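All remarks here apply to the structure that follows.
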Amino acid sequence: MQPSPDTRRAVFTANIHDFEEKVIQASHQTPVLVDLWAEWCAPCRVLTPILQQLINQYEEDLLLATVEVDEGDGENMKLAGRYQVRGFPTVILFIAGEEKARFSGAKPLSFLQQFVDENINS
């Protein structure tokens, strides 16, 4: 499924080398969801299109960074370690440079909407 042009700007990949700029710094302007996922992870593949739907709904009020933990010769796995991720997928919401909330596993769109609304508006 090809993302719409609006989604393409709001969804981007990040890695250990650009995480500070693309996620931490960006979250001072706009909340950023970080999807830590792996290619071999079936729940990750279920969650991806649901996250795309979510981003479409929030337009410019929410960004999505995807981090494939097995890329970069395992370097991206260090991000998972830094944030004490125990399983995949794990989604972490960053606001103002700090982790605000997280969840693990594939979830329905209704859960994601409530998760974002509760944490952005609190």
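The values are calculated or read from the model by the stated rules, or taken from the named source; none is laboratory data. Predicted model only: the values in this text are computed from it and were never measured. Using ideal geometry, Cβ is built from the backbone for each residue, glycine included, and neighbour counts are taken over all protein chains shown.
In this structure, Arg102 does not satisfy being touching a strand residue (DSSP E or B) at 6+ places or on another chain (Cβ under 8 Å), over 17 Å from Glu20 (Cβ atoms) and modelled with pLDDT under 95.
Within the range 29-42, being closer than 15 Å to Thr13 by Cα and either at pLDDT below 95 or in a helix (DSSP H, G or I) (or both) holds for one residue alone: Glu39.
Filtered by the rule that a residue be in contact (Cβ under 8 Å) with a residue 60 or more places away in the chain, of a type in the set (A, V, I, L, M) and over 17 Å from Val11 (Cβ atoms), the range 62-120 gives Leu79, Ile95, Ala96, Ala106, Ile120.
One line per residue, one yes/no per condition, for (1) crowded, with 17+ Cβ neighbours inside 10 Å; (2) over 26 Å from Asn121 (Cβ atoms); (3) touching a Cys at 6+ places or on another chain (Cβ under 6 Å); (4) of a type outside the set (A, V, I, L, M, F, W, C):
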| site | (1), (2), (3), (4) |
| --- | --- |
| Val11 | yes, no, no, no |
| Gln25 | no, no, no, yes |
| Glu39 | no, yes, no, yes |
| Gly74 | no, yes, no, yes |
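For Glu99, the stated conditions do not hold, so it cannot be described as over 13 Å from the mean Cα position of the chain (by Cα), on the phi < 0 side of the Ramachandran plot and either surrounded by 20 or more Cβ atoms within 10 Å (Cβ to Cβ) or of a type outside the set (Phe, Trp, Tyr) (or both).
The requirement of being at pLDDT 95 or above and exposed (fewer than 13 other Cβ atoms within 10 Å of the Cβ) is not satisfied by Gln113. Checking Gln25, Gln53 one by one, the residue that is within 21 Å of Val116 (Cα to Cα) and touching a helix residue (DSSP H, G or I) at 6+ places or on another chain (Cβ under 6 Å) is Gln53 and no other. When residues in the range 22-56 are screened for being of a type in the set (Phe, Trp, Tyr) and more than 15 Å from Phe103 (Cβ to Cβ), 1 of them pass.
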